[in-house]
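Notes to accompany the following structure.
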Amino acid sequence: MLRVEGLAAGYGEAVVLEEISLRAREAEVTCVLGPNGVGKTTLLRAVMGLVRPSRGAVLFRGEPVHGLPTHAVVRRGMTMIPEGRRLWPSLTVGENLEMGGYAAPRESLAERLAGVVRLFPRLAELRDRPCAHLSGGEQQMVAIGRGLMGAPRMLLMDEPSLGLAPLVVRDMFEAIRKIAAAGTTVLLVEQNTAAALEVSRHGYVLELGRVALDGEAAALRDDPHVKQAYLGL
Amino acid sequence: MRGLSKDYGKLRVVSSLTFDVREGELLGVIGPNGAGKTTLFALLGGTIAPTEGEIRFRGQAVERLRPDHRCHLGIARTFQVVRPFAELTVRENVRAAALFGKPEVPPPGEIRAAVEEVLALTGLAPVAASPARALSLPQRKRLEVARALATRPRLLLLDEVLAGLNPRAVEEAIPLIRSLHADRGITVLVIEHNLRAIMGLSQRVLVLNFGERIYDGAPQGAVEDPEVIRAYLGGPARA
Amino acid sequence: MRWPGSGLRVTEGTAAALFFGALALLPLALSFNPYYLSILVAALVLGSVAVSWNVLAGLCGQVSFGHAGFFGLGAYASAILAMRAGWSPWLAMAGAGVAGVAVSLLIGLPSFKLRGPYFALAILGFAEVLKLLALNLDSLTGGSQGIFGVPPPTALRLGGLTADFEASRTANYYLAGLLLLLVWGAAVLLRRSRAGVAMATVHADEEAAAGIGVPVLRTKATALAVSAFFTALLGAFYAHYVHYLDPDSAFDGAWSIMPIVAALFGGMSTLVGPAVGALVITGLDEFLFKRLFESGHQLFFGLLLAAVIVWAPSGLLGGRVRRPTT
Amino acid sequence: MISGSSIVQSLLSGLLEGGNYALYSLGLAFVFGILRIINLAHGEVVVLGGYVAYWTLVRYGVGPVLSMPLAAAAGGALGWLTYRLFLRRVREAPELNTLILTFGVGIFLTNLFLQLWTGDLRSIEVDWLQRPLTLGPIRASVGELAAFGFSVAAVLGLQAFLHRTRAGKAIRVTAIDRDSAALAGIDVERVDRGAFAIGGLLAGIAGPVLGILANVSPGVGGPLTVKAFILTVLAGVGSISGLIAAGMILGVGEALTVTFFSSSYRELFGFTLFLGILLARPSGLFGRRI
Amino acid sequence: MIARKTWRLVLAAGLAAAWTQAGAAPAIKLGAHAPETGSLAKHGQEQVKGIRVAAEEFSKRTGIAVDLKVYDDESQPQKAVAAVEKLAGIEKVAGIVGGYGSNLVGPASEAAERYDTPYMTTGAVDTKLSARHFKNFFRLNYMPGYAAAQANTIRELFQAKKVAILFNSQSATTEIAEAVKGQLAAGGVQVPVFEKFEKGTTNYKPLLLKARDAGCEVLLVEGYFPDYVGTIKDAKILALPVKAYVGAWGIGTPEFIRELGPMSEFVYGTSIWEMGTAPKAARAEEARFVEAYRARFKEDPSYIAMLGYLSAEYMLDAIAKGGGAAARTRDLLRAMDAVTPIGRVAFDEKGDPRHFTAVLFQTRAGKQVVVYPRDRAGGEAKYPAVPWSTR
């Protein structure tokens, strides 16, 4: 579904990604792990066209999407749930969801909305609430729901568990599993290594702008290398 | 250092936190992302004001002081997201800190010597003449430390200066931090994500989660503390 | 702007030396033609104000839209001191500078908590208030009637040479040139000083600057005070040069806008750039656009301005001149 | 000395004037709130709208009500063109650059008007708009009341557009968080261009009103921009509906300053209010999120 | 073949040139500066139009070529100085006309004095300008003439008791307002409302209400065109019960009538000239100018254009007669005494117009009817005017 080849990117003169190659297979969760500051977020932003890669290629369903503006990438069926949720706080939950599906055909709006509500029943109650007044977990539901409203074939998620209470984290990963099970490919960036590996089929461990390690999630979980590289233990 | 205590009410990010840092201590502050570590540093450094509570530094209440006054008293910090003065050269960056770190202006010769010393110590001497914007990320992190050091602090707040560094760079950086503490007698407060580094470095660690202290004690104890492990490493999706 | 096919880059000192050298010799080349000199005086006044403005904006990162306030204030203060209090025009000009500092601090201290465009426009608001005061304090300023017969600076004798500022354009040209040199020199010294370092850090990142002990507010106030001092001084020169003052011309919004234009045009990252910019835009307008179109020449000026911002945003000297490092 | 009816009349004139201020400011406030660009050519676009209405009236006898869409289109086209040609290239540059850029465009337009239509003042005279209406001793013209109603309608219309329509919401979400908007599939470049064009359109429709209630000439653009900016700050950046109230406060304040003190202090009142709000409450009187 | 043809052409051209030069007197160099851009652009442009017509008419009349040098001073005092430096210093013109606004004319005329170049302005009325006693300074209009026309009409013709004076805060309008107030007070007329307003005011109602509450019979607005448009529109809305509306200059112009239509009716204005107000002796000259102006610019001339025209004409005549030397030109100008479309013109030793009186006229059916002074009057004043509601 997604192939990243030799991607390099940075901000101004600071290079963040040196060379990254990875792939995410259809209807699976693939996770990208690694400590803070190794370029996980930059990787996702570069894939989405929010950061212009300086080298390398991004192929989505076999077609190159690097160099396209973000909205064009989105219209091809891939979107991202940004770190920190980045909702539109003065808009209501309903409006956030509605605008999240801006690029998708309008006729199917109700249908897509129903799908999101099935995944997060709580959002139905919150519909008319401005997002500024939600709890962290609720905000994350809206953020994921907003991403799903565009009916993407692939979803990139940047630290969805960040700052959430443990109980909520569990629900969140459950939702991710469901999303993938429903056929949407997920590329997950996480710090919560244990949980991330549990929902993933495949994982990559990043280390300062490069892929240090990759493999089946189950294998990575027990790999002593992972604990070393990522957890620093 | 007498005591450093504070309470935060309404401020959701850091809530009702009270702790002391003893003079000459090397204290690690750890916790998962979003635990409020950086907010804590911003409160200590004075870039944001606490809603409630007090901060005492060497017996003096500082929570209402401007950041530059706190710096003059001897509190220096680095920023997690590095903030070099981009258009200035590395040397100018450090020199500015040496010039303004203390209220009294040292003689030029002394400044020059101090700047070169800090540059050498942080390994930035080879790039001293380049503008800060041209530095790589690890170099920028070192510049953050160099700038903070040049203010001649008594208390140094290091915010994830090891993050994003590769293991070798980390190996190099740890002795530097330790020497700051040991040779110069600077009290150091380190925020770190990298457990290994902090375990090897600190005499004591403070673990935060959701703005609350969940552990305070010896580093070894933290690794064994189940609550810490859970908070820090994250639980499995289905507990 | 990078000139194609040329990798030549000069240091700012060299650029400034070339610039001031050319200024000193220019009257010879123009055979002391009073018309060219009077145009150049206008350009030099603009250039000096632009350099002063850039002390605040280029060194300290605080953009003001209201330097007309300091300019007009200086013009009126000097005229009033010279005519009412009977000061020598030279002394009155210095007094005007001091008045500029005093008022700038009154204005600046409450305004510095504002950032970006809000600060810029607060200063604009104060400039308008100053203008309205000049208009309405009739007994002091003569209201809209203005002040007639502001005396020229008293003639200076140096050996056999006499600089007569009443009639001679050459004398006024060199005085304006010296003022520019003075403003520029002061800006260079300021940049090298401890305060200049503080300004550079505030410009780059206020929070980080405070973090290393830079007193941010005092630094900004210093930059504004220096900037206002020289702007008011130039306003004073203007008053003694044109001999007439009225609120509309002394507080003309052009004194706020044109220095910014000149500074951007020449390049804000250098201290001599704004002066070069002032000379170039005045020259282009006067000797090129005006020749092409008698009354439509400002039309080109607007387009040129837009073009420069879009295609050469760092100004004429921006990519060409290297800032010296300390 | 001052009769009660005069005070009421003065108050009313200030209120009506304030409504016009809001209309004259709408385009600038909108563009500043959404794009964070202070469009210093705003006043000139208003003037262009005024000229369009004037010439369609003088040349073809088409009244200002009918020519208003034309004025709006002219303003919108000019905004679109300005963005297309210049602004999109300096979006990432510091704020100062967009300011100087639009200032340059303003100079260009002022002098273009001067060349095309001389410095003469143009005032749109339509009989029915001049007709006075009376309520006891209180009087106002049809034009004034119509303009006021139009201003309120324009402000509420813009508000409704931003809050009720998809396009409006797309503009809002882009203003709040560009990345999030792009991730929702919104072409943020197009939104910027569109928003700037809408700003021009809003300036354009204010032109005929300016021509009816006052007059248009090449030089009135600059002061109009300053006034619009003052009002934007008073209302609070991003507060569109606050413009009406802010306009009324300014208009009534000015009128009563004249009535109770002297007209010498009218301008002083405006700038003092502006500075007071800016320094004491930088978010404006009605500041809130977009 | 080709070469020979070219050679013949060159020869012919050379001969033709020699012949023209021999037949004509040397061209007169006349300088003009005016604010063609900037805040005063409107006035400056009209002034220059009038000056151009004068130069062309003069050439036609005398056969002497005029080399007219026009310089845009951009409404900036510094540039006004530069203008004179260029015209007098470089172009070496024999005389300079133009200049608008006392703050521009002041420095410019000072520079002209320095170059000993005769300078005649029509756009600066400040009394302080002539107090400097420059030998080269002349002007066609000045303050007392305007003030007297207004004050005398109000006292003699209207016999009003209470007058409201509203004035633009700019220099010339402030000065005339103060002069009229002084003259009215001296004649026992009360001025209970004396209010200054800023340029760009759009809501005049609070001001007009003050005049209404004070019971003023006459409303005097010393301002510029936008101020008249604003006050008249607001007066109409308020049905302001004044018996006469009097403006200073720039009222009753073709532009005024065009823009205000029926609302311009019965409004009084002072002017040095409006179309059809020339004294009988100068009617022919007026007609010539108006015709030439219309032919050249396809519009009716304003008083500013007329003043520009006349100043250039007098300057050119004096230069032609005196041979171009500054002293001769000055003497001839000072000796001049003629009845012209703006009345009798003669200059005193300071360069002020000796006999200058403005006329006070009333707009009636789109025409200016002079009602004061009596000797130039073309009809009776309609006083009190009809109420605003019926205009």
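List of remarks:
- Summed buried accessible area for B+C [probe radius 1.4 Å, Å², rounded to 100]: 2000
- In the protein assembly as shown, the DSSP-assigned H stretches of four residues or longer account for a calculated mean residue ellipticity at 222 nm of -17000 deg cm²/dmol, using -39500 (n - 2.57) per stretch and the full residue count as denominator.
- Chain A, relative contact order in percent, only Cα pairs under 8 angstrom and at least six apart counted: 28
- Cα centroid separation, region D:182-241 to region D:78-141 (Å): 9
- Across region C:200-287, the relative contact order, built from alpha-carbon pairs under 8 Å that are at least six residues apart, equals 13 percent.
- Charge dipole (debye, nearest 20) of region A:85-152; +1 at Cβ of Lys and Arg, -1 at Cβ of Asp and Glu: 180
- In region D:19-125, the GluC sites (Glu not before Pro) that fall in loop regions by DSSP, at most 12 other Cβ within 10 Å: D:Glu92
- If the convex hull is drawn through the Cα atoms of chain E, its volume per residue in Å³: 149
- C-alpha center-to-center spacing [region E:46-103, region A:145-171] in angstrom: 76
- Each peptide in C:246-254, C:204-212, B:124-132, C:183-191 receives the mean, over its residues, of other Cβ atoms within 10 Å, and ordering these scores from highest gives C:246-254, C:204-212, C:183-191, B:124-132.
- Estimated FRET transfer efficiency (B:Glu87, E:Ala27; beta-carbon r; R0 51 Å; 0.05): 0.30
- Distance between the 7 Å Cα→Cβ label points at D:Arg36 and C:Ser193: 3.4 nm.
- Heavy-atom accessible surface of region E:141-206, averaged per residue, reaches 30 Å², computed with a 1.4 Å probe.
- Accessible area of chain D divided out per residue, in Å², using a probe of 1.4 angstrom: 33
- Region C:111-183 and region E:299-367 have their alpha-carbon centroids 36 Å apart.
- The label point for E:Lys243 and the one for E:Asp337, both projected 7 Å from the Cα toward the Cβ, are 3.9 nm apart.
- Comparing D:Arg193, D:Arg59, D:Arg84 in a Gaussian network model of chain D, where Cα atoms under 10 Å apart are tied by springs, the biggest mean-square fluctuation is seen for D:Arg59.
- Equivalent-ellipsoid semi-axes of chain C, from the Cα gyration tensor, Å, largest first: 28, 26, 20
- Selection among D:Ile230, D:Val220, B:Ala134 by position relative to the dipole of the protein assembly as shown gives B:Ala134 as farthest towards the positive end (Cβ unit charges, Cα centre).
- Mean projection of the Cα convex hull over all viewing directions, computed for region E:275-391: 9.3 nm².
- In chain D, Cα pairs under 8 Å separated by at least six residues give a relative contact order of 38 percent.
- Check: the protein assembly as shown dipole with +1 on Lys, Arg Cβ and -1 on Asp, Glu Cβ, in debye: 1020
- Averaged over its residues, region A:1-132 has an accessible area of 42 Å² per residue, based on protein heavy atoms and a 1.4 Å probe.
- Solvent-accessible area, 1.4 Å probe, carbon plus sulfur percent, for region C:180-251: 65
- Helix E:225-238 axis, angle to chain E major axis (alpha carbon atoms, nearest 10°): 20
- Once the Cα atoms are used to define both axes, helix D:221-235 deviates from the longest principal axis of chain D by about 80 degrees.
- Taken about its Cα centre, region E:186-313 carries a charge dipole of roughly 160 debye when the Cβ of each Lys and Arg holds +1 and the Cβ of each Asp and Glu holds -1.
- Legend: residue pairs C:Lys290/E:Lys181; E:Lys196/E:Lys382; E:Lys236/E:Lys350; E:Lys135/E:Lys298; B:Lys141/C:Lys113; C:Lys131/E:Lys205, Cα-Cα distance threshold 32 Å; pairs beyond threshold, C:Lys290/E:Lys181; E:Lys236/E:Lys350; E:Lys135/E:Lys298.
- Here's the picture: charge each Lys and Arg Cβ at +1 and each Asp and Glu Cβ at -1 in the protein assembly as shown, and of C:Phe289, B:Ala148, E:Ile232 the one pushed furthest to the positive end of that dipole is C:Phe289.
- Test item: C:129-138 mean partner chain Cβ contacts at 10 Å: 4
- Projecting the Cα positions of E:Leu333, E:Gly276, E:Ala82 onto the charge dipole of chain E (unit charges on Cβ atoms of Lys, Arg, Asp and Glu, taken about the Cα centre) puts E:Gly276 furthest along the positive direction.
- Buried surface for the C/E pair, taken as the accessible area of each chain alone minus that of the pair with a 1.4 Å probe, is close to 3000 Å² in total.
- Spin-label pair B:Glu212-D:Ser262: with each label point 7 Å from Cα along the Cα-Cβ axis, the two points sit 6.8 nm from one another.
- At least 18 Å along the helix axis (C-alpha) and Kyte average at least -0.5, DSSP helices within chain C: C:12-29, C:34-54, C:67-83, C:89-111, C:116-136, C:169-192, C:216-242, C:297-311
- Overall size of region A:12-98 from C-alpha positions, given as principal axis extents largest first: 40, 30, 27 Å.
- Alpha-carbon spread of region D:23-102, three principal axes, descending order, Å: 46, 23, 16
- In degrees, nearest ten, helix E:326-335 long axis to first principal axis of chain E (Cα): 40
- Nearest-0.05 FRET efficiency for D:Arg88 and C:Ala307, computed from C-beta distance (R0 25 Å): 0.95
- Whole-percent carbon and sulfur share, accessible surface of region A:1-85, 1.4 Å: 46
- The protection proxy used here, the mean number of other Cβ atoms lying within 10 Å of each residue, ranks peptides D:132-143, D:194-205 as follows, highest first: D:194-205, D:132-143.
- Region A:85-152: proportion of alpha-carbon pairs further apart than 19 angstrom, %: 20
- Selected from E:Asp234, E:Asp72, E:Asp213 as most flexible by GNM, with chain E as the system and alpha-carbon contacts under 10 Å: E:Asp213
- Within chain E, longest stretch clear of exposed GluC sites (Glu not before Pro) (DSSP loop, no more than 14 other Cβ within 10 Å): E:1-348
- Remark: the Cα gyration tensor places the protein assembly as shown in the prolate category, a/c being 1.5 or greater and a/b exceeding b/c.
The values are calculated or read from the model by the stated rules, or taken from the named source; none is laboratory data. Just so you know, these numbers come straight off a predicted model, no measurement behind them. Counting neighbours? That spans all protein chains shown, and the Cβs are built from the backbone with ideal geometry, glycine included. In case anyone asks, the SASA skips ligands and DNA or RNA and just uses the protein heavy atoms, side chains included. Shrake-Rupley method; radii C 1.70, N 1.55, O 1.52, S 1.80 Å.
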